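Here is the structure we will look at.
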Amino acid sequence: AHSPQALIVTETNVPSHENISYLGQGDEAHIIYNFPLPPLLLNTLITGSSRLLTTWLKDLPDPIGGTAYLNFIASHDGIGLRPVEGLLSEQEMERLIQCMIDFGGKISTRALNDQEFNPYEINISLWDAFKCTMDRGADKFQADRFICAHAIMLALKGIPAFYIHSLLATENDYERRENLGSNRAVNRHIWDYDALCKKLADQDSHHHQVFYCLSDLIALRKKQPAFHPDAEQSVFNLGPETVVVKRWTKTDPNDQTILCVFNTTDHDIDVPVDQLPSDCRKHGTD
């Protein structure tokens, strides 16, 4: 009431349906952190299957006018697990947790009572979270998975947000975690400015490669009317090896449709043209 230009952003690390409720009927929060996205994207890229992510995206309601999702994959805290309660089975959750422990992560818990604790969040740098697949172990696709996850995030309806250490592809900081006695410190590395500049200037460094690739993707997204936070979105199920998102606008002077097709596996796949949306097969579609 005092400052009509102000926006209310909720950071509610709770199950998906409860998180969405904070938008009310367009009369409560303006923007909500899209908390199920990080664990679902992570699970998708390390298992190679988009089944759970696609199902959730197709069921995710359109935000009411004047509201939006804040899409992110990592933050100064961990990757929350409460948001995927009811989305991942108990077995799927256990496999994801064990995989992240194998990759150097820790699991923080919350107390249900004096004797029972539930997993609350995964504490790991996002770069290290994508270092292997669940079944095949380490491979050469760490950077590809990392970039793919952010490309999917950038394609989705809403406002994308980048944690600084994701933009820089920072590794786990085990020393800081041990010194502070905090699991969250593993993803809160403090860079020396000169050392970081050298890493970013080194074309053979994964920090350089990730930073400039993500910067190019962000610049490309900003130029496309179809990626406006309010532009329309449809999600298609073309099988568990892909994430397929169509974005389009009909209100911009330069009407535009963009079809985004992401390979979530560690091998080449074929996507027959006749499986694509009919309006995305015609000449002139981006």
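Quick notes
- Mean separation of Cα contacts under 8 Å, 6 or more apart, over the residue count of the chain: relative contact order %: 17 percent
- Based on C-alpha pairs under 8 angstrom that are at least 6 apart in sequence, segment 82-163 has a relative contact order of 19 percent.
- Evaluated at q = 0.10, 0.14 Å⁻¹: base-10 log I(q)/I(0), Debye formula over Cα of the chain: -0.56, -1.12
- Distance between the 7 Å Cα→Cβ label points at Ala138 and Lys223: 3.8 nm.
- Each of Tyr193 and Gln91 was given a label point 7 Å from its Cα along the Cα-to-Cβ line. The distance between the two points is 5.3 nm.
- Here the chain exposes an accessible surface that is 49 percent carbon and sulfur, computed with a 1.4 Å probe and the other protein chains kept in place.
- Gyration tensor verdict on segment 197-244 (Cα atoms; rounded if a/c is under 1.5, prolate if a/b is larger than b/c, oblate otherwise): oblate
- Alpha-carbon centroid distance for the pair segment 1-25 / segment 54-127, whole angstrom: 19 Å
- Accessible area of the chain divided out per residue, in Å², using a probe of 1.4 angstrom: 52 Å²
- Listed residue pairs exceeding 27 Å between alpha carbons, taken from Lys58/Lys250; Lys58/Lys106; Lys131/Lys222; Lys58/Lys140: Lys58/Lys106; Lys131/Lys222; Lys58/Lys140
- Across segment 73-165, the fraction of Cα-Cα pairs farther apart than 18 Å, rounded to a whole number, is 53%.
- Eligible aspartates and glutamates near Lys246 by straight Cα distance, threshold 18 Å, same-chain separation 8 or greater: Asp59, Asp62, Asp230, Glu232, Asp255, Asp274, Asp279, Asp286
- In units of the rule-of-thumb radius 2.2 N^0.38 Å, segment 109-236 shows an alpha carbon radius of gyration of 1.26.
- Contact order normalised by residue count of segment 27-184, Cα under 8 Å, 6+ apart, percent: 27 percent
- Cα gyration tensor, segment 16-125 - rounded (a/c under 1.5), prolate or oblate: prolate
- Computed about its Cα centre, the charge dipole of the chain is approximately 480 debye, with only Lys, Arg, Asp and Glu carrying charge at their Cβ.
- FRET efficiency for the Asp230 to Asp102 pair, using the beta carbon distance and R₀ = 45 Å, is estimated at 0.65.
The values are calculated or read from the model by the stated rules, or taken from the named source; none is laboratory data. Source: prediction; values computed, not measured. We place every Cβ from the backbone using ideal geometry, glycine too, and count neighbours over all the protein chains shown. The accessibility values were calculated without ligands, DNA or RNA, using every heavy atom of the protein model including side chains. Shrake-Rupley method; radii C 1.70, N 1.55, O 1.52, S 1.80 Å.
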